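K.L.:
Structure in structure tokens, see below.
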Amino acid sequence: MRMRISKLAIFAVALSGCATQMGHLSVASTKNLEFPGKRKALVKANVKGSDMKSIIVIIPTGQSQIDQAITNAVNSAGGDYMENVKITNIGWWIPYIYGRVGFEVVGDVYRLEKDSLR
């Protein structure tokens, strides 16, 4: 019985995933932006974007990139940049079978507009 419980515990740990917060950013963009003479307009709050790669057996299918996760979030909302960004490293793996690893970003997406006062 004891051996059965320890095998079950090892199996449960093997199936568990993990997430590590990589940092907070006040502004994030993968485009060159010029702010003078422009005002910002909130497009959407709490937008999520991710860049996830698979692990097949023990071979990763690529390297996840934070900038790609930001680009995916900004493009999904139709904005220019993000503010109040939280970056999280996410991963899970069933040993020698399959897994997913990558980055997820959550933040507010803004669009730059020409200032109507000038």
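K.L.:
Does Thr71 satisfy being polar (S, T, N, Q) and either modelled with pLDDT of 95 or more or assigned to a strand (DSSP E or B) (or both)?
P.N.:
No.
K.L.:
Examine the stretch 93-103 for a residue that is closer than 12 Å to Ser29 by Cα, assigned to a strand (DSSP E or B), under 14 Å from the mean Cα position of the chain (by Cα) and among the β-branched types (Val, Ile, Thr), and state whether such a residue exists.
P.N.:
no
K.L.:
For the stretch 50-68: of the residues being under 9 Å from Gly102 (Cα atoms) and small (Gly, Ala, Ser), which is surrounded by the most Cβ atoms within 10 Å (Cβ to Cβ)?
P.N.:
Taking the candidates together, the pick is Ser64.
Condition check ((1) modelled with pLDDT under 90; (2) hydroxyl-bearing (Ser, Thr, Tyr); (3) not in a strand (DSSP E or B)) across all residues:
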residue	(1), (2), (3)
Met3	yes, no, yes
Ala12	yes, no, yes
Ala19	yes, no, no
Gly23	yes, no, no
Ser26	yes, yes, no
Glu34	yes, no, yes
Val47	no, no, no
Lys53	no, no, no
Asp67	yes, no, yes
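K.L.:
Among the residues of the stretch 74-92, which ones are touching a Lys or Arg at 6+ places or on another chain (Cβ under 9 Å) and outside any strand (DSSP E or B)?
P.N.:
Val74, Ser76, Ala77, Gly78, Gly79, Asp80
K.L.:
I'd like to know if the stretch 38-45 contains one or more residues that are under 17 Å from the mean Cα position of the chain (by Cα), part of a strand (DSSP E or B) and either more than 14 Å from Asn89 (Cβ to Cβ) or of a type in the set (Val, Ile, Thr) (or both).
P.N.:
Scanning the stretch 38-45, I find at least one residue that is under 17 Å from the mean Cα position of the chain (by Cα), part of a strand (DSSP E or B) and either more than 14 Å from Asn89 (Cβ to Cβ) or of a type in the set (Val, Ile, Thr) (or both), so the answer is yes.
The values are calculated or read from the model by the stated rules, or taken from the named source; none is laboratory data. Keep in mind that what you see is a predicted model, and the values were worked out from it rather than measured. Positions of Cβ are backbone-derived with ideal geometry, glycine not excepted, and every protein chain shown enters the neighbour counts.
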